[in-house]
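**Q** Here it is, the structure, as structure tokens.
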Amino acid sequence: MDYSVLKTINNNYQTHFQLASKSLERISSGKNINRASDNPSGLVQSDLLSLSIRGNHQAQQNVSSAISLLNYADSVAEKGSGMLARLEELALKASNETISQESFEAIRIEVDELIDEFHQVTNKATYGGKGIFDASGGFVISIDDKGSPFHIDFGYLGTDGLGGNDRNGVYKTMDDFRKDGAVGLNTSGDAQDFLLVLQNVSKMVLRERSSIGAVTNRLVFKQEHLKDAGLNLEKRLSKIMDVDVAKETLEMTKHQMLMDASMSMMSHGMLNNQQVLALLK
């Protein structure tokens, strides 16, 4: 067999060997791209998608943390509502002139304690070391892989600010009805004013809880959107990076068969050449 033919067969053998080796590498790694030379443009796409996926996962965690914050804030406001309900009961009872002075004094003591506890529970509530209902500036979270900011603001729930109008239309705070407050709770008339103030405060707290619920629902939908977007990104990355095992197995088998054929032809050609040389001797 001519030398040039043998060289061509050998080149074909080397080509099929390299292609079979690449198929085996893809199957063993599970990846279509194992080095930059495999697919330069695909590598760039996969890296960009990987960055987007990581950003998406972090955004999901951010939104999840924000939902936890809102749930905690709602539970705090709910406790505040419970204390307000008790304060309204006491104010209504104190507005009744038929109760004894001893009962009235007991109500004043409980009112003072509940106002103080309300302030401690709501105004002093913190999340991650930052105040929630103390007008300290709210919270900012990043809600996508681009770092887009989302502001979560809460109302002020301090007893020195929460209040309402009394019977004369004058604004009074909850603190004004403490024992040492500007008004105090000394008469049934004071109790009537306190009741009006508390009813308005209850409405304010309920509005705050309604706002918290609305923002929570928005973020829940945002979280679902991020999950869907993340799945879409992962599918796109999978199409670029994940190997089709059946296809690569078929390719490897094909090249192995062609390698065997090339090897057989080279062996046959070399044998023929040896036989010719033997005859010439």
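The values are calculated or read from the model by the stated rules, or taken from the named source; none is laboratory data. What you see is a predicted model, and the numbers here were worked out from it, not measured in a lab. Quick reminder, even Gly has a Cβ in these numbers, built from the backbone with ideal geometry, and neighbours come from all protein chains shown. Just so you know, the surface numbers come from the protein's heavy atoms only, side chains and all, with ligands and any DNA or RNA stripped out. Shrake-Rupley method; radii C 1.70, N 1.55, O 1.52, S 1.80 Å.
**Q** Determine the relative contact order of the stretch 94-152: mean sequence separation of Cα pairs under 8 Å and six or more apart, normalised by residue count, in whole percent. Please report the intermediate quantities before stating the final value.
**A** On the way: 33 pairs, mean separation 9.1, N = 59.
Worked out over the stretch 94-152, it gives 15 percent.
**Q** If r is the Cβ-Cβ distance from GLN61 to SER136 and R0 is 22 Å, what FRET efficiency results, to the nearest 0.05?
**A** Working: r = 23 Å, r/R0 = 1.06.
The calculated FRET efficiency here is 0.40.
**Q** Of the cross-linked pairs LYS93/LYS179; LYS79/LYS222; LYS79/LYS203, which ones have a Cα-Cα span greater than 20 Å in the structure shown?
**A** On the way: LYS93/LYS179 17 Å; LYS79/LYS222 28 Å; LYS79/LYS203 14 Å.
Result: LYS79/LYS222 exceed 20 Å.
**Q** Taking a probe of 1.4 angstrom, what is the accessible area of ASP180 in Å², to the nearest 10?
**A** Result for ASP180: roughly 130 Å² accessible.
**Q** A further question follows. Let me have the relative contact order for the stretch 53-208, percent, based on Cα pairs under 8 Å that are six or more residues apart. The partial results should precede the final answer.
**A** On the way: 205 pairs, mean separation 41.6, N = 156.
Relative contact order comes out at 27 percent.
**Q** Towards the positive end of the charge dipole of the stretch 150-201, with charges on Cβ (+1 Lys, Arg; -1 Asp, Glu), say which of THR173, ASN200, THR187 has the farthest Cα.
**A** THR187
**Q** If you put +1 on each Lys and Arg Cβ and -1 on each Asp and Glu Cβ, how big is the dipole of the stretch 68-183 around its Cα centre, in Debye rounded to 20?
**A** Working: 11 positive and 21 negative charges, 45 e Å.
That gives a dipole near 220 debye.
**Q** Now, a different point. Counting only residues 5 or more places away or on other chains, whose amide H sits under 5 Å from the amide H of LYS31 once H atoms are built in the peptide plane?
**A** VAL243
**Q** Moving on to the next point. Once you have the Cα-Cα distance between ALA106 and GLN199, take 0.36 nm times their residue separation minus that, and quote the gain in nm to one decimal.
**A** Details: separation 93, 0.36 × 93 = 33.48 nm, distance 2.15 nm.
Here the segment from ALA106 to GLN199 would lengthen by 31.3 nm.
**Q** About the Cα centre, and with charges only on the beta carbon of Lys, Arg (+1) and Asp, Glu (-1), how big is the dipole of the stretch 164-224? Nearest 20 debye, please. Show your work: numbers first, answer last.
**A** Working: 9 positive and 8 negative charges, 62 e Å.
The calculated dipole for the stretch 164-224 is roughly 300 debye.
**Q** So if we plug the beta-carbon distance of SER264 and LYS31 into 1/(1 + (r/R0)^6) with R0 = 30 Å, what FRET efficiency do we get, rounded to 0.05?
**A** Values: r = 33 Å, r/R0 = 1.10.
About 0.35, to the nearest 0.05.
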